[in-house]
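The values are calculated or read from the model by the stated rules, or taken from the named source; none is laboratory data. It should be emphasised that the depicted structure is a prediction, and the values quoted were computed from it without experimental measurement. As a convention, Cβ positions derive from the backbone with ideal geometry for all residues, glycine included, and neighbour counts pool all protein chains shown.
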Amino acid sequence: MAGSKAHSRLRSLDLPVRLGLGALAAVFLVGWGVSLHLAVQRSGGDPWSAASPEACRLRTCAPPLERAIHTDMGRYIPDATERRVLTIWIRHGARMNDFYGEPSRVLSRRCQTCHGDSPRAGIRLVTYGDALALAQNDERDPYHRLRNFHVHLFSIGAVLCLLLVGLALTRYPRWMVLGVGLTPVAALLVSVPLTLWACYNPVGPVVLWLCEGLVLVAWPVITALVAWDLFSARK
């Protein structure tokens, strides 16, 4: 009927079932926290800097050495000027002629204690060839940026689809369900091919950052909407 209120099928469930669904929503929020933690960890451990287009570019496009300079290795190269020297060398093509100067001295001074002739984790940073191998992305494997995250991406997709189903069973207007529920799913689907394209276009990391932001904002919002419909007082 045209003026009737939408009926919530979630609120008609028995209390034990609603409690179980509430526990599942709590698990989804834990997963959201884990996703944020992974993003912060791969961006150097600073939550504020992790939420930026530059951090998205580092996570997605940067070669291993550049990413390490600004994340894991950053505490071993505390001088911002030295980090800038290495970053400029990498972004200008990691040329041999430019290496045997300040970049080589920075690596020798800051990195070869752990990554010298007896390297940790099998990573050497002694010769130009060692540095070059880490200063370039492996073009033979164009999907390397997705390799470590495919399980995580599919998990997020599954969570968003489950939340969309839950949202569809609530009393909220259909336009709200479709708008709030489908937007993050579409953003996630767009972000997968965009991950490959983003590194070859200057605006790519910004667009990818916006897609990631939509997913991370919508995830707890949808969870909260479903939880509210589950446990709000019945009229």
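One table, with the values for the structure above:
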item: Elements of type helices (runs of 4 or more DSSP H) contained in segment 69-132, each with 1 or more residues being touching a helix residue (DSSP H, G or I) at 6+ places or on another chain (Cβ under 8 Å) and surrounded by fewer than 12 Cβ atoms within 10 Å (Cβ to Cβ); result: 96-99
item: Selection within segment 30-84 - under 21 Å from Tyr200 (Cα atoms), among the β-branched types (Val, Ile, Thr) and modelled with pLDDT of 80 or more; result: none
item: Residue check for Ala121: modelled with pLDDT of 75 or more and out of contact with any Cys (no Cβ under 6 Å at 6 or more places or on another chain); result: no
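Results for (1) more than 30 Å from the chain's Cα centre (by Cα); (2) more than 21 Å from Thr81 (Cβ to Cβ), shown as yes or no for each residue.
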site	(1), (2)
Ala94	no, no
Gly101	yes, no
Val106	no, no
Arg110	no, no
His115	no, no
Ser118	yes, yes
Ile123	no, yes
Tyr128	yes, yes
Ala131	no, no
